[in-house]
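A short write-up of the structure that comes next.
What follows draws every value from the coordinates through simple rules; no lab data is involved. Note that the coordinates shown come from a computational prediction; the quantities given were computed from them, not determined experimentally. All Cβ positions, even for glycine, are placed from backbone atoms using ideal geometry, and neighbour counts span all protein chains on display.
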Ligand SMILES: Nc1ncnc2c1ncn2[C@@H]1O[C@H](COP(=O)(O)OP(=O)(O)OP(=O)(O)O)[C@@H](O)[C@H]1O
Ligand SMILES: [Mg+2]
């Protein structure tokens, strides 16, 4: 779980879509209000699938749409508001202020696909989630980049018992 530089990381092989949904559900367990997660990875890497699994685990039963065209989808969960961003089609980072980022309260959770499209305009993340396409499967690595992110991954990995953590 700890790498040599003491950064907390968590790596997992995701054999199929169900595994990505399950990993999203695992992230959901230790997620707390105010956190920001960057979701990185190529087109089709599984970022939205992971958000779908996370929202289901938090009790959201409705449709989870990709915010590719709308930039933002907002979910009212019992414990916090969750903002799901997809910045792939962002042309001018100012657009995304109009898309709702300006209104995010400090108690909301932000999950941001394609954060590099608005580099320098975004809140610093607590955790970076990197998904990689490996043939028909996926690999995921989470890296903690804040004290809260470190606590988040440690809590998750302590409860998960995965040999890869
Ligand atoms: N572990 C996995 N193994 C194989 N296929 C997967 C896995 N996880 C997700 N997929 C599939 O990958 C496809 C793309 O997933 P998804 O839309 O979540 O990608 P994305 O990273 O959000 O892409 P985009 O950048 O275009 O928004 C879906 O068909 C999904 O079922
Ligand atoms: Mg997506």
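How many angstrom separate the Cα center of the stretch 122-142 from the Cα center of the stretch 1-76?
Using only Cα atoms to place each centre, the spacing works out to 9 Å.
Testing the spin-label approximation: label points 7 Å from Cα along Cα→Cβ at residue 137 and residue 42. State their distance in nm.
That separation, rounded to one decimal, is 1.7 nm.
Mind ordering 45-54, 80-89 by average Cβ neighbours within 10 Å, highest first?
The peptides rank, most packed first, as 45-54, 80-89.
With runs of 4+ DSSP H residues as the only contributors, calculate the mean residue ellipticity of the chain at 222 nm using -39,500 (n - 2.57) per run, divided by the residue total and rounded to the nearest 500.
My calculation for the chain gives -8500 deg cm²/dmol from helical runs alone.
For residue 94 and residue 107 in one chain, what is 0.36 nm times their gap in residues minus the Cα-Cα distance, to one decimal in nm? Working shown, then result.
Numbers: separation 13, 0.36 × 13 = 4.68 nm, distance 2.25 nm.
Answer, rounded to one decimal: 2.4 nm.
Using r as the Cβ-Cβ distance of residue 61 and residue 13, and R0 as 22 Å, what FRET efficiency do you calculate, to the nearest 0.05?
0.15
Which of rounded, prolate, oblate describes the chain, given a ≥ b ≥ c as roots of the alpha-carbon gyration tensor eigenvalues and a/c under 1.5 marking rounded, otherwise prolate only if a/b is larger than b/c?
Here the chain falls in the rounded category.
Return a whole-number percent for the relative contact order of the chain, with Cα pairs under 8 Å and 6 or more residues apart as the contact set.
Normalised by residue count, the contact order of the chain is 35 percent.
How many nm is it between the label spots at residue 74 and residue 22, if each spot is 7 Å from the Cα in line with the beta carbon?
3.5
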